[in-house]
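Only the coordinates and a few stated rules stand behind these numbers; no lab work does. These numbers come from a predicted model, not from an experiment. Quick reminder, even Gly has a Cβ in these numbers, built from the backbone with ideal geometry, and neighbours come from all protein chains shown.
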Amino acid sequence: MYGNTHISIKKGLNIFLIILFALSGCGHNETSLPDANAKTKEEIHTESLDTEETATVEYGDRIQQLESTPIPEPLAVPVNTERKDILYHGTDDIDISLSMHRCESDGENIYLVYGDAGELDLYNMPTGSDEHSRANIDNPEGMVICHIAIDIYGNRHLIVAGNNYEEWFIWRLNENNQIEKVIDITDYFEIRQMPHWFVVDKNGTYYLQWVISRDGVIIDREGVLKHKFTLKSLETRWTYEAAVGKDGLIYIVYCDADEKLRIGEFDTENGSIKKENTLLCFADDETFSEMSAGTDTNLLLFSPYSGVWAYDHDKEVLDNRVPLSDLGLTGDANYVPLTFLPDGRLLLLEKSGKDTRLKYIPAGK
């Protein structure tokens, strides 16, 4: 009895070993032999350390490179409270008043786009100077320079047209007023008219808007269309001025059904105006013909009826800072607001008889 049991156990053990051997070979067509090129644990560990060290060095170099890349700083122009009245000497027959809404300043210079139809060009006038000169942009194809915007970092951007206003481009200029980058925006022009408003925010996003329809487009810094907008899509009755504030964001003067003028931030990501409940609004009979970044407030505005206003939503400031009666204008003169300078002064063009004067009127603090 015990002998038979012993034989049964032995047979069971043999069967178990056979099954175990078969399982150990599953997935292999032939018996595996030791690899002569196989690496030891020590070699694998050493290579792992080398790879980790190399990756760490490369990552460190990348971080160092990113940290060494200069981050642009906004223009830092001291506030100027000096009032100036300069007799302007034109060196050609071009009417400087045609540069209204197409005049910008980086503090050191004033840049103007103006000229006869078909002969628009960019001109440069040092701040406080009594005359201008051409910027002498290398323009072999004879593009018509139509508009200018200066971002908060002092970079100059132009809208130019070619082929009888059938093609439209944005030029970015370098510090020598030469073309640094060209962006084709022809496909975004449904009408062959120059935009009345052209601004660029702190992220390089462009805002273009036409004067008759108030339609507009938002284009990113690489020329990709982000949004098209209309008065209907903005859910507003009318829009007036557009400008970039001290904070580098775009702001719009608009009115709704109650006819009161308000200022709202333009949301470039959604193509809409951020309308906030605020008591900071202007009377329904007010109007503005110039708006720019302020010094102590986010925005400065000029009204031909009431003078200079300072506005800041966060600080709850709405102040008729320089009334029209304090601008020092000649009674019978015609005047045109050209721009606000980064130093807080309004640059006003006054024409009286044969004389043309440039008035620098302090408005910032």
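Table for the structure above
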item	result
R0 of 25 Å, Cβ-Cβ distance residue 196-residue 71: FRET efficiency to nearest 0.05	0.15
For segment 245-365: Kirkwood Rh in Å [reciprocal of mean 1/r, alpha carbons]	15.2 Å
For residue 100, net neighbour charge (Lys/Arg +1, Asp/Glu -1) across residues whose Cβ lies under 15 Å away	-2
Built amide H within the under 5 Å cut-off of residue 238, gap 5+	255
10 Å beta-carbon shell around residue 312, net charge (K/R +1, D/E -1)	-3
Estimated FRET transfer efficiency when R0 is 22 angstrom, pair residue 174-residue 134 (beta carbons, to 0.05)	0.85
Residues of segment 236-277 with amide N under 18 Å of a point placed 7 Å along Cα→Cβ from residue 284	236-240, 254-263
Members of 315/365; 181/228; 246/359 lying beyond 18 Å, as alpha-carbon distances in this model show	181/228; 246/359
Net charge over other residues, Cβ less than 15 angstrom from the Cβ of residue 350 (K, R count +1; D, E count -1)	0
Segment 123-217, relative contact order in percent, only Cα pairs under 8 angstrom and at least six apart counted	19 percent
Computed FRET value (nearest 0.05) for residue 260 with residue 224, which takes r as the C-beta separation and R₀ as 35 Å	0.50
Stretch gain in nm, segment residue 211-residue 182, where the contour uses 0.36 nm per residue and the Cα spacing is subtracted	8.0 nm
Column: log10 I(q)/I(0), Debye, Cα scatterers of segment 155-300, q = 0.09, 0.22 Å⁻¹	-0.29, -1.51
Among 114, 158, 143 the positive-end extreme of the charge dipole of segment 82-160 (Cβ point charges)	158
Pair residue 100, residue 163: separation of 7 Å Cα→Cβ label points (nm)	3.4 nm
